[in-house]
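To start, the structure under review is shown below, and the notes come after it.
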Amino acid sequence: MCKELDCGSAASTGRRNESSNRAAWEISPDCVESGSALNECLSSGFSSSIIKITCSDSVRLVNGTSLCSGRLEVKSDQSNQSNQWWSSVCEADFDQQDGEVVCRELGCGAPLVLWGALYGEVKAPMWTKEFHCEGNESALLDCRSSGSAGKTCSPGKAVGLTCSERVRLVGGSSRCAGALEVKRGEWRPVFGSNWTLTSADVMCKELDCGSAASTGRRNESSNRAAWEISPDCVESGSALNECLSSGFSSSILKITCSDSVRLVNGTSLCSGRLEVKSDQSNQSNQSNQWWSLVCEADFDQRDAEVVCRELGCGAPSVLWGALYGEVEAPMWTKEFHCEGNESALLDCRSAGSAGNTCSPGKAVGLTCSERVRLVGGSSRCAGALEVKQGDWRPVYDSNWTLTSAAEVCRELHCGSVVSTELRIESTLKSSWEIRPDCVQSGSALRECMSPMWSSSFLEVTCSGPTVSSIGLVRLVVLSLGLLLLITVVCVTHQVTFIALLIKAPAQMKHFACEY
């Protein structure tokens, strides 16, 4: 709509509630977003709820991945509506404070990236004034300006800008935990509907708060204005403010992020290369914090147990250097000495590390198991499916197939799936809904869950244990020319076996041990 009116970008939407219904048009948002003409998306109806839109009018970001990113353009000659055009801005005439004003005017958060040609070069007219914003203005054209030294932008010099989302977590123990709120015009909470850890992880990354550790709901006594956000929209990579719709709810979404640790480049939220956030003592200055990798020489089994617990995952199953890619990043300069029962890695004792950089292949990679179990059956491989995220809850039976249940048996090392059954109880209780299609796509169980109430629960029977347990193992490698003799001693059980490998690394490593 804003583009149709040549009014820049959409800054906010809302509703105006009238006292009675009147003739109105219903317009399908999906139809409009598909590129169809507006009159092809209309249907006649009656309503007392009228949509309101605020456009940025004088500024817009184009060619970006969302409404909050793109190449900056400013509308010329605001006093003469018939003689206006959009002009690019040279980076020499634009600074951080100017970026703050533009992001605010567009209804976005603080500027994250200010960069020439990030969103394509352009042969557009150039804005002929240099901006001098204080940073607190409500619109870019409210800022002082002076004549620019140039009349054209050199290639690659047009301003590209990326703004953050206006999102926060409130009421928790830190800025990385609490009820999710989003600002578009005003701060509102978010419905707690069908959000999984994968959706929540997008919010944690947006806030630079590590990985999502848990999600939940806070039920209030009455409905209030809130945002409904489609988890599928968020997970698709769309900007948050493009996934919002206005509504009312008494069920508010809560998210807890790991804050100080995260696993990156893994196949799930419970696997990846370990990174730790620096300078935790300076929470007020987020720009002075960065993520550092950890060298495997400074990290052991007990440290891994703490990290997996902090991330809301199960016990560590693989601890391995460079399993999730090598990287040139700052190194965490302390060696951890965890007892294994701490709630967070940074609660552990630490001492100065001997090195300042990690050799190639030496950055810690970690895989934690899922917190899943079968209870009430004849063995640990049969019974009602329960998953722990904060607390243990049964799983709602939502059209589970044998293919979906096979993932549970595999996760528990219980062979193949034999059957699934439905158990009906007399009363509703707190449970997890797990989307079977999400599980079948290869996502971890806990990434496919959302909280709900149900009296219908899933029972799974697997063929039986294929391994007795999983533990970390330490490899001792003896060089024998091209052939290397490897002795493996499991940590949890004293089981030893001999294997021959060609060109294996002559160094001590950690592996998953199955037996």
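Coordinate-derived values only; no laboratory data. These figures come from a predicted structure and were not determined experimentally. Backbone-built Cβ (ideal geometry, glycine too); neighbour counts: all protein chains shown.
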Calculated FRET efficiency for the pair Trp25/Ser455, C-beta based, R₀ 45 Å, to 0.05: 0.60
Compute the length gained on full extension between Val113 and Ser278: take 0.36 nm times their separation in residues and subtract their Cα-Cα distance, giving the result in nm to one decimal. 57.3 nm
Cross-link list Lys205/Lys334; Lys75/Lys254; Lys277/Lys362; Lys254/Lys277: which exceed 30 angstrom alpha carbon to alpha carbon? Lys75/Lys254
Under 13 Å, Cβ to Cβ, from Lys3 - net charge with Lys/Arg +1 and Asp/Glu -1: -3
Going by how many other Cβ atoms sit within 10 Å of their own, how do Ser249, Ser463 line up, fewest first? Ser463, Ser249
Chymotrypsin sites (Phe, Trp or Tyr not before Pro) restricted to the range 1-90 and DSSP loop, no more than 16 other C-beta within 10 Å: Trp85
Tell me the net charge near Leu374. Cut-off is 9 Å between Cβ atoms, Leu374 excluded, with +1 for each Lys or Arg and -1 for each Asp or Glu. 0
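With a sphere of radius 10 Å drawn around the Cβ of Gly340, what net charge do the other residues whose Cβ falls strictly inside it have (Lys, Arg +1; Asp, Glu -1)?
Details: positive: Arg302, Arg309; negative: Asp300, Asp303, Glu305, Glu339, Glu342.
That works out to -3.
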Sequence-distant or interchain residues sharing an amide H contact under 5 Å with Glu335, placed H: which? Ala351, Gly352, Ser353
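Please give me, ordered by residue number, the trypsin sites (Lys or Arg not before Pro) of the range 1-66 that lie in loop per DSSP and have at most 13 other Cβ atoms within 10 Å.
Lys3
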Based only on other Cβ atoms within 10 Å, what is the fewest-to-most ordering of Cys348, Cys90? Cys348, Cys90
Cα extents of the range 167-257 along the principal axes, largest first, in whole Å, come to 32, 28, 24
Each label point is 7 Å from the Cα along the Cα-to-Cβ direction; what then is the distance between the points at Arg224 and Ser250, in nm? 1.4 nm
Compute the distance in nm between two label points, each set 7 Å from the Cα along the Cα-to-Cβ direction, one at Gln440 and one at Ser145. 5.6 nm
Calc'd 3J(HN,Hα), the range 19-30, phi into Karplus 6.51 cos²θ - 1.76 cosθ + 1.60 (θ = phi - 60°), Hz, glycine/Pro = x, comes to 6, 8, 5, 8, 4, 8, 9, 9, 10, 6, x, 4
Describe numerically, in nm with one decimal, the distance between label points set 7 Å from Cα along Cα→Cβ at Ser379 and at Leu346. 4.5 nm
Counting only residues 5 or more places away or on other chains, whose amide H sits under 5 Å from the amide H of Cys55 once H atoms are built in the peptide plane? Ala11
Can you figure out the FRET efficiency of Ser236 with Leu38, using R₀ = 25 Å and their beta-carbon distance, to the nearest 0.05? 0.55
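Only counting other Cβ atoms within 10 Å, I'd like Leu253, Leu207 sorted with the fewest neighbours first.
On the way: Leu253 28, Leu207 21.
Fewest-to-most ranking of Leu253, Leu207: Leu207, Leu253.
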With r as the distance between the Cβ atoms of Arg302 and Thr333 and R0 = 25 Å, compute the FRET efficiency 1/(1 + (r/R0)^6) and round to 0.05. 0.80
